[in-house]
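One structure is given here, and the rest of the page talks about it.
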Amino acid sequence: MKYSIYLMTLLLGVIACQQDHNDETEAREVKQYTIEQFYENTKFSGGAFSPDETKLLINSNETGIFNLFEINIADGSRSQVTHSAEESFFAVDYVPGTTAMLYEADKGGNEIDHVYLLSDDGTSTDLTPGENAKSGFFKWSEDDQSMFYFSNLRDPKYFDVYKMDIGTWEPSLFYENTEGLNVGGISADEDWISLSKTITTSENLLFLVNQSSGTRTEISVPDAPGSYDFAGFSKDSKTAFYITNAGKEFAYLVQYDLESGERSTLFETNWDVMYSYLSENETYRVIGINEDGKNTIIMREVATGKDIDFPTIPDGDVTGLRISDSEKLVRLSVGTSKSPNNIYIYNLETKELKKLTESLNPEINPDDLVAAEVIRYKSFDGLEIPAIYYKPHQASPENKVPALVWVHGGPGGQSRTGYFALIQYLTNHGYAILAVNNRGSSGYGKTFYKMDDRNHGDKDLKDCIAGKDWLAQQDYIDGERIGIIGGSYGGYMTMAAMAFTPDEFKVGVNIFGVTNWLRTLKSIPPFWESFRNALYTEMGDPNTDDSVRLYNISPVFHGDKVKNPVMVLQGANDPRVLQIESDEMVEAVRNNNVPVEYVVFPDEGHGFVKKENEIKGYGDILKFLDKHLKETIKG
């Protein structure tokens, strides 16, 4: 996977492959909502079953940051479990056979996560102490007596695997990682470990290590390079599964016999298989597919090959699911582009579907929001670029609206058709938004994915400019009032556009974007060591002659070329894009006498998770756009 941040997640698109966008719906006025109303929506995620399968353990930000909640499956009632006011807590699971819980948290967005035990008496214990040690839950042992977790406590650059017995909570080193490999799985009998070695951002090697014999076997095919992602062991520890695009354009699911070495393709389609796993007793296999900017999820009976048909949920798609250990219940996460995810329970025996949450603020009428639409347009060289499009209801040839090109994180991320409050907020207030999936984006085959390697800020930026041109061709958009916005790598693309093509976009909104590749690549967090060389292969090595090109594509050194207004948002604890980058970019633009608005949050990292900060920052974005784009006088 490439260096990326998810700013958008999942669903609901209507494919439109024509060059011009045709919308038969008539323009109409809609009620406009405040940023506070949009962030009165509630985000729900997770959904681990309690041991007796009467409750779900979830995350919710209804308190302003993420805390743990339990949902009673019978009546849908929700009770708050943790009451953090400073740091977001993210649920992991119930401790097997108990009502105690595990959760993970960092400090102010610094990404140094620890694993915590929340006991029945409400006592919280840090199971993975160490100020600079990053840890994360891996899995429970087959007998439910131990927990496996990874940590870089021994060496900041490498993640080892530890085993910790439930009850004593004393760790022991299970696998010492001295080569910078990535652990993908541990078999039920604990005799097999899967390891991967990153080669480039689009290629890795996959190995299986036998603990008893000490032998290591490469199961990636030497003459078929590509991505190889581990997808689990069978319960009897005789079979391994992995997902690869070796020899093909899209990733597919493979079964590998540990004794014979024989392999066979279990599932493939004309889109990437993203993940796959088996239910507790291997009755069902779940397969997630990245299909044109949305998720398609298949739940299949292993014995018969028959797919489970879930009831139709109006205007919704299943974005994720979890099967209970009894294999009687399924937790479904369901979302649309007009509503955040909600949690449902489906009973496989009674066929009953029950909705457990309401994520959309009841003050907001979903009919006032915009359904995402998948469109395609031609770039400068004729390459077809997919994009997710949001047309304001009030737009018409008589009421032309301003527009924004939205650029996702990465390089290698993907804009998708799921709900994002900021996009809906801006669209609700009359801004058309085209979320481009420029060359180098995930989800459209490995050839498309690799098209931006060593070419960042060039052809991918031209794809964004072609998106701007597509917008300008629509008769209900004011072609003189089009800006660009993005976060992380999308923030870089925003500043690259403002510095290197200063006449193309009227404004730019940079959300924690890279502006100095030399510094960013040299200051990669130590826990990214296994990925360092792959990122250098794609972007360039700042310690070699590549530094010349990296300097040339870094907007901070070219601030004197920026001539249109810019807004920058930054988290002070960001370990990926250091605040000093945004500080220097802002200073460079201000020295050019160009209007700049700068918002820094002292308690955020690479991505904002506190509602009060989202309300402040994203509300300020609209104010900035209204001042510098919407009210701009043409000519």
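Quick note: the coordinates plus some simple rules give every number you see, no bench work behind them. Keep in mind it's a predicted model, so treat the numbers as computed, not measured. Methodologically, a virtual Cβ is constructed for each residue, glycine included, from the backbone with ideal geometry; neighbour enumeration extends over all protein chains shown.
Observations on the structure shown:
- Dipole axis of the chain (+1 Lys, Arg; -1 Asp, Glu on Cβ), positive-most option in Ala387, Trp528, Met495: Met495
- Span from the the stretch 302-361 Cα centroid across to the the stretch 555-600 one, whole angstrom: 43 Å
- Here is the result for the stretch 234-264: no trypsin sites (Lys or Arg not before Pro) lie in DSSP coil with at most 10 other C-beta atoms within 10 angstrom of their C-beta.
- The chain, relative contact order in percent, only Cα pairs under 8 angstrom and at least six apart counted: 14 percent
- Per residue, the convex hull around the alpha carbon atoms of the chain comes to 152 Å³.
- Degrees between helix 529-539 axis and first principal axis of the chain (Cα, 0 to 90, nearest 10): 30 degrees
- For the chain, calculated [θ]222 nm from helices alone, where every DSSP H run of n ≥ 4 adds -39500 (n - 2.57): -4000 deg cm²/dmol
- Within the stretch 320-418, the chymotrypsin sites (Phe, Trp or Tyr not before Pro) that combine a DSSP coil assignment with at most 12 other C-beta atoms in a 10 angstrom radius are Phe380.
- Segment Lys31-Thr312, length gained on full extension (0.36 nm per residue, minus Cα span): 98.3 nm
- Check: the chain dipole with +1 on Lys, Arg Cβ and -1 on Asp, Glu Cβ, in debye: 1540 debye
- Label-point separation, Arg154 to Ser264 (7 Å along Cα→Cβ), nm: 3.9 nm
- Taking 7 Å steps out from each Cα toward its Cβ at Glu398 and Ala100 produces label points 6.9 nm apart.
- Among Thr42, Ile323, Leu117 the positive-end extreme of the charge dipole of the chain (Cβ point charges): Thr42
- Relative contact order of the stretch 311-402: 16 percent, from C-alpha pairs under 8 Å at least 6 residues apart in sequence.
- Going from the residue with the fewest nearby Cβ atoms within 10 Å to the one with the most, Met567, Met164, Met495 rank Met164, Met567, Met495.
- Positive-end extreme of charge dipole, the chain - chosen from Ser77, Ile580, Val302 (charges on Cβ): Ile580
- The trypsin sites (Lys or Arg not before Pro) of the stretch 67-148 that meet both conditions, a loop assignment by DSSP and at most 16 other Cβ atoms within 10 Å of the site Cβ, are Lys107.
- Inter-part distance where the stretch 91-134 and the stretch 151-225 are each reduced to a Cα centre, Å: 22 Å
- Relative contact order computed over the stretch 46-156 (Cα-Cα under 8 Å; 6+ residues apart), in percent: 15 percent
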